[in-house]
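Reviewing the structure listed below.
The values are calculated or read from the model by the stated rules, or taken from the named source; none is laboratory data. Everything numeric here is computed off the predicted structure, so don't read it as measured data. When we count neighbours, we look across all protein chains shown, and the Cβ atoms used for this are built from the backbone with ideal geometry, even at glycine. Keep in mind that these areas ignore ligands, DNA and RNA; they rest on the heavy atoms of the full protein, side chains included. Shrake-Rupley method; radii C 1.70, N 1.55, O 1.52, S 1.80 Å.
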Amino acid sequence: MGWERQEQQRRTAGIKTGKCVMFNATHSTCEIYGWCPVENNTLPRKPLLAEAENFTLFIKNTVHFTKFNFSKCNTLQTNDPTYFKSCTYDPFFNPFCPVFRVRDMVEAAGETFGDLALLGGSIGVRIEWDCDLDHPAARCRPQYSFSLQDRRYNFRTASYYWDSQQLLYRNLLKLYGIRFDISVHGQAGKFSIIPTAVSFGTSIAFFGAVSTPDMLFSSDPWVGICPSSVVSPACRGAWLPGRLLSWEGRSAGC
């Protein structure tokens, strides 16, 4: 089994040269041009990120709504150079201090830091702007939410160098970490008389399109409107909730 495992590792460890060479006294194998020794795939036994729980992450974000010519940043406009070094985010007391502790972000995503400290993981950070521009600009503030995307995260990196005999070497490192994927979403609104008037006019036109015959049963509090084909100043309507809706007028069509 040991020979078969080593043979399987060599199949994916480099480029086949096309030569068959002796592996030992009883077996031969295909020659592979690759790096030696073959990478060790054993998992770490102790958390490699245990000390990272108190690390902080500073997330600075600016949103711009071009239609309203309005921009807002999620940081506090202050002249104190030490403010962001001592504060952490709190939705009530420090809403404009986007400094987050790693442990708090992981727990907000529904995971314990100890589980991600061993093999790493991926956390999604969503920044949501929902601004009512009829209110003061200070009330336009972002909301943060966190979600767990993956319970494992690692990648490999290598450094290459030549020795004194002009032989190429490399140092291959497999690194574990916590990845943060940040996405920003936003919307803003402001009162305007023109869209309001258009919407109001559309509603009036909708009710005006209802053609009312001589009598109509209705249980809804609708406003009675004369048929459009009748032009008579004496046309009037009487409405009784949930009962008969009748119309009177000089014209027989009303």
(request) Report the accessible area of Asp80, computed with a 1.4 Å probe over the heavy atoms of all protein chains in place, in Å² rounded to the nearest 10. (result) 70 Å²
(message) With every protein chain left in place and a probe of 1.4 Å, what is the accessible surface of Phe55, to the nearest 10 Å²?
(response) 120 Å²
(request) Note down the nm distance, to one decimal, between modelled labels 7 Å out along Cα→Cβ at Asn61 and at Thr42. (result) 4.3 nm
(request) With label points built 7 Å along Cα→Cβ from the Cα atoms of Asp80 and Asp115, find their separation and express it in nm. (result) 3.7 nm
(message) I need to check one value: relative contact order of segment 50-145, counting alpha carbon pairs closer than 8 Å and at least 6 residues apart, in percent.
(response) 25 percent
(request) Give me the accessible area per residue for segment 45-107, probe 1.4 Å, as a whole number in Å². (result) 71 Å²
(request) Report the accessible area of Arg139, computed with a 1.4 Å probe over the heavy atoms of all protein chains in place, in Å² rounded to the nearest 10. (result) 150 Å²
(request) Check cross-link reach from Lys46 to the lysines: straight Cα distance under 30 Å, and skip same-chain residues fewer than eight apart. (result) Lys174
(message) Can you give the FRET efficiency to the nearest 0.05 for Cys20 and Lys174, using r as the Cβ-Cβ distance and R₀ = 41 Å?
(response) 0.85
(request) Rank these by accessible area, largest first, 1.4 Å probe: Ile178, Ile15. (result) Ile15, Ile178
(request) Heavy atoms only, probe 1.4 angstrom, no DNA, RNA or ligands counted: give me Trp129, Trp162, Trp35 ranked by accessible area, highest first. (result) Trp162, Trp35, Trp129
